[in-house]
Amino acid sequence: MVDFIGLDPGSPQDECPAVYVDPVTGDFYQQGRVVTDPEVLASISKHGAIAADEAVVWQPARMASILGEAVYGNYEPERQGPGELTFERFLATAQRSAIHVEMREGYGDDDPAFQRWRETGSTEYDWSVWAKLIGSAVERGVTVRRVRVVSEPVTDYIRWEHAISDGNIDAGEELRWLPRRQAYDLLLPGADLWMIDHRLVRYNFNAGDGHSLRQYEYVSDPRKVAQVVASVEMIWDRAIPHAAYSPS
């Protein structure tokens with residue numbers, strides 16, 4: 001067990017940096033971005049070797065007061081952090097833009113609405129929760145985009161997604177489709193992702209059968225995010241608007 005001391009007050013993501021203390025030993029635990037800049041690492045190495053099981057962690061100067069609380073032990077006991085970063089809180093940090101890139105041919109076949117479409121052709125789907133979530137973002141000025149990279153001929157799952165996609169658009173999304181044959185020369189992400197304001201990327205990972213593993217990787221290092229921005233914008237520019245795309 002560790003005591004939570006505080007999060008970076010300047011970080012809107014709520015996942016890092018953070019400081020913790022072991023209440024028994026008084027040892028410190030720091031959560032933050034792992035430093036990979038070779039110049040910084042070389043400079044630090046002049047003062048002491050960085051062992052194979054060690055990492056240099058960056059924390060901003062504005063964390064000084066929180067670090068001070070950890071050092072002097074003058075923090076309130078039983079503080080509680082915000083907990084796991086939900087998608088709702090993640091999207092709530094968006095100020096200008098949010099884009100979702102989908103790379104798979106299917107996301108599992110156990111959705112009742114998907115099964116109903118297969119059996120009857122019904123495009124009925126409950127969009128109420130999603131419409132409220134996206135509508136709230138759009139109302140505060142966030143542009144929400146979605147692009148699906150698909151193989152043709154498309155799978156039944158993609159055909160179903162296309163059939164119900166008016167719900168995405170009605171919620172406030174801009175939607176495009178990119179046939180994989182037209183994306184062969186692009187650097188495509190290795191997993192589905194959401195990107196917020198060109199500054200924070202959330203990758204989500206799926207099992208081989210398409211089901212979500214509920215496992216996510218967040219990237220905020222500007223050098224890594226810049227690569228994603230370039231890739232995603234090229235995908236978007238080449239993709240076909242929903243109204244003009246017909247799945248084959």
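The values are calculated or read from the model by the stated rules, or taken from the named source; none is laboratory data. The shown structure was predicted, so the numbers you read here are calculated from the model rather than taken from an experiment. When we count neighbours, we look across all protein chains shown, and the Cβ atoms used for this are built from the backbone with ideal geometry, even at glycine. Surface accessibility is based on the protein's heavy atoms, side chains included, excluding ligands, DNA and RNA. Shrake-Rupley method; radii C 1.70, N 1.55, O 1.52, S 1.80 Å.
What pairs come out if I take residues in region 68-83 that are under 17 Å from GLY26 (Cβ atoms) and pair them with residues that are assigned to a loop (DSSP other than H, G, I, E, B) and modelled with pLDDT under 85 whose C-beta lies under 6 Å away, six or more apart or interchain?
If the second residue must be assigned to a loop (DSSP other than H, G, I, E, B) and modelled with pLDDT under 85, the pairs left are GLU69/TYR75.
Looking at region 203-224 only, could you name the residues that are in contact with a Phe, Trp or Tyr (Cβ under 6 Å, 6 or more places away or on another chain) and touching a residue at least 12 places away in the same chain (Cβ under 8 Å)?
Let us first name the residues in region 203-224 that are in contact with a Phe, Trp or Tyr (Cβ under 6 Å, 6 or more places away or on another chain), namely 204, 210, 213, 215, 217.
Residues satisfying the conditions are ASN204, GLY210, GLU217.
Inside region 174-194, can you point out the residues that are at pLDDT 95 or above and closer than 20 Å to TYR107 by Cα?
LEU175, ARG176, TRP177, LEU178, PRO179, ARG180, ALA191, ASP192, LEU193, TRP194
Output the number of residues of region 211-224 satisfying the condition of being under 17 Å from HIS100 (Cβ atoms) and either surrounded by 15 or more Cβ atoms within 10 Å (Cβ to Cβ) or aromatic (Phe, Trp, Tyr) (or both).
Number of matching residues: 3.
Considering only residues that are of a type in the set (A, V, I, L, M), surrounded by 16 or more Cβ atoms within 10 Å (Cβ to Cβ) and in contact (Cβ under 8 Å) with a residue 60 or more places away in the chain, which ones fall in region 130-170?
Hits for region 130-170 are VAL147, VAL149, VAL150, VAL154, ILE158.
Go through region 164-179 and give me each residue that's within 17 Å of TRP130 (Cα to Cα) and either assigned to a loop (DSSP other than H, G, I, E, B) or not polar (S, T, N, Q) (or both). Quick ask: steps written out before the conclusion?
Narrowing region 164-179 to residues within 17 Å of TRP130 (Cα to Cα): 164-175.
ILE164, SER165, ASP166, GLY167, ILE169, ASP170, ALA171, GLY172, GLU173, GLU174, LEU175, listed by residue number.
Only one of (1) assigned to a loop (DSSP other than H, G, I, E, B); (2) over 18 Å from GLU76 (Cα atoms); (3) not basic (Lys, Arg) fails for PRO9. Which number is that?
Exception for PRO9: condition (2).
Can we say ALA92 is surrounded by 14 or more Cβ atoms within 10 Å (Cβ to Cβ), over 29 Å from ALA163 (Cβ atoms), within 25 Å of the chain's Cα centre (by Cα) and at pLDDT 90 or above?
Values: surrounded by 14 or more Cβ atoms within 10 Å (Cβ to Cβ): yes; over 29 Å from ALA163 (Cβ atoms): yes; within 25 Å of the chain's Cα centre (by Cα): yes; at pLDDT 90 or above: yes.
For ALA92, the condition - surrounded by 14 or more Cβ atoms within 10 Å (Cβ to Cβ), over 29 Å from ALA163 (Cβ atoms), within 25 Å of the chain's Cα centre (by Cα) and at pLDDT 90 or above - is met.
In region 225-248, which residue that is of a type in the set (Gly, Ala, Ser) and open to solvent by less than 20 Å² (accessible area, probe 1.4 Å) is farthest from VAL35 (Cα to Cα)? Explain how you work it out, then say what you get.
Initial filter on region 225-248 (of a type in the set (Gly, Ala, Ser)): 226, 230-231, 239, 243-244, 246, 248.
Applying the additional criterion that residues be open to solvent by less than 20 Å² (accessible area, probe 1.4 Å) yields 231, 239.
On the way: SER231: 24, ALA239: 35 Å.
My answer is ALA239.
Would you check which residues across region 206-248 are in a strand (DSSP E or B), modelled with pLDDT under 95 and within 19 Å of ARG148 (Cβ to Cβ) and list them? Please lay out each step first, then the result.
Restricting attention to region 206-248, the residues satisfying the condition of being in a strand (DSSP E or B) are 206, 212-219, 240-241.
Subset that is modelled with pLDDT under 95: 206, 212-219.
Result: ASN206, SER212.
Is it the case that region 14-35 has a residue that's open to solvent by 60 Å² or more (accessible area, probe 1.4 Å), more than 23 Å from PRO77 (Cβ to Cβ) and assigned to a loop (DSSP other than H, G, I, E, B)?
No: region 14-35 contains no residue that is open to solvent by 60 Å² or more (accessible area, probe 1.4 Å), more than 23 Å from PRO77 (Cβ to Cβ) and assigned to a loop (DSSP other than H, G, I, E, B).
Please go through region 180-202 and give me each residue that is open to solvent by less than 10 Å² (accessible area, probe 1.4 Å) and either assigned to a helix (DSSP H, G or I) or without any contact (Cβ under 8 Å) to a residue 60 or more places away in the chain (or both), ordered by number.
ALA183, VAL201
Being closer than 22 Å to TYR216 by Cβ, at pLDDT 80 or above and of a type in the set (A, V, I, L, M, F, W, C) is the filter here, so list the residues in region 5-34 that pass it.
ALA18, VAL34
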